[in-house]
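Below you'll find the structure, written out as structure tokens, and then a few comments.
Each value in this text was obtained by applying a stated rule to the coordinates, not by laboratory testing. Just so it is clear, the model here is predicted, and its values are computed rather than measured. Backbone-built Cβ (ideal geometry, glycine too); neighbour counts: all protein chains shown.
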Amino acid sequence: MSRVLDFRDVVVRRNGRHIVDEFTWSVDDDQRWVVIGPNGAGKTSVLRIAATLDYPTSGSVNVLDESLGRTDVFELRPRIGFASTAMARRIPADETVRDVVMTAAYAVMGRWNEAYESLDERRAQRVLAEWKLDALADRLFGTLSDGEQKRVQIARAVMTDPEILLLDEPTASLDLGAREELLQLLSGYALEPGTPAMVMVTHHVEEIPVGFTHVLLLSDGKVVAQGPIEDNLTEETLTETFGMPIRLTKDDGRYAARAV
Ligand SMILES: Nc1ncnc2c1ncn2[C@@H]1O[C@H](COP(=O)(O)OP(=O)(O)O)[C@@H](O)[C@H]1O
Ligand SMILES: [Mg+2]
């Protein structure tokens, strides 16, 4: 077991407002976390710091045993897989699926004239198959459905064999079929030996993939509960997180929530 993320007393202040407040949280490499909270709770802010894309206003953050602010983030970033809608918008619509995934090996968007090693090509092929994209490898990214684009973003994020995989709302905007298909793939990945630590942001308990182990509930920049899902995802903690009485049920490893 080793620690991949360690946040201590982290405060994020933007425009004089506390977005994240006295936030302490750690993630080990054998854990798969789901982060749940209403819009504006600070989920993306936390994830962007974990991805070394932002710095906290105060407090300390360790990512893969490197202290943020005292380390070269450009060396750290290839060890971190990160997928979000904001990043997806930067993927050129006219790039092939294969190239979107393969260019991750060079941490660049858009294929110019890098000399691709056959090792990378073989790895890309394997990653494409793993995320059910092999039949789409030659399609242009812009022509894919939302669900397919989400799978491409995740495939790109895992292409470099990262030590942490961070996913910001990977299931947002998907239809039921596409959502379930993605949740199944995420479950399979979460349960595989050798998978890195995972942190996935979602708004819905229905979207917690089987195999995820821990939950972080955030509300208004503060932790409502954190730890193993079975102890921390409760009607009480959800009620506090969303500010309304919530009923929670579990069936076949999947959760469902609704207002009472
Ligand atoms: N750069 C910024 N400047 C000012 N406010 C920001 C900035 N980034 C985020 N916020 C605000 O911080 C709050 C938390 O944002 P975010 O982390 O994106 O929440 P979530 O992902 O949980 O919806 C929101 O109210 C958002 O408007
Ligand atoms: Mg967000």
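By the rule of a C-alpha distance below 15 Å, with chain neighbours fewer than 8 residues away ignored, the aspartates and glutamates paired with LYS222 are ASP9, ASP21, GLU22, GLU240.
Within the straight-line cut-off of under 19 Å between alpha carbons, the lysines reachable from LYS132 are LYS150, sequence neighbours fewer than 8 places apart in one chain being disregarded.
For region 3-259, taking Cα atoms only, Rg and Dmax work out to 18.1, 57 Å respectively.
Oblate is the label for region 124-211. Its Cα gyration tensor axes, ordered a ≥ b ≥ c, give a/c of at least 1.5 and b/c at or above a/b. Taking a ≥ b ≥ c as the square roots of the Cα gyration tensor eigenvalues, region 65-191 comes out oblate, since a/c reaches at least 1.5 and a/b does not exceed b/c.
Applying 1/(1 + (r/R0)^6) with R0 = 35 Å to the Cβ-Cβ distance of ASP94 and GLU180, what FRET efficiency is obtained, to the nearest 0.05?
0.75
Among rounded, prolate and oblate, which fits region 16-78 when a ≥ b ≥ c are the square roots of the eigenvalues of its C-alpha gyration tensor, a/c under 1.5 means rounded, and a/b larger than b/c means prolate? The shape class here is oblate.
How much mean residue ellipticity at 222 nm does the chain get from its helices, if each DSSP H run of length 4 or more adds -39500 (n - 2.57) and you divide by all residues, to the nearest 500 deg cm²/dmol? Numbers along the way, then the final one.
Values: 9 runs with 76 residues, N = 260.
Helices in the chain give a 222 nm mean residue ellipticity of -8000 deg cm²/dmol.
Considering only THR24, THR249, THR213, the mean-square fluctuation computed in a Gaussian network model of the chain, springs between alpha carbons under 10 angstrom, is largest for THR249.
Who wins for biggest fluctuation among GLU22, GLU95, GLU230 in a Gaussian network model of the chain, springs between alpha carbons below 10 Å? Ranking GLU22, GLU95, GLU230 by mean-square fluctuation puts GLU230 first.
Scanning residues 5 or more positions from ILE208 or on other chains, those with amide H under 5 Å from its amide H are TYR255, with H placed 1.01 Å from N in the peptide plane.
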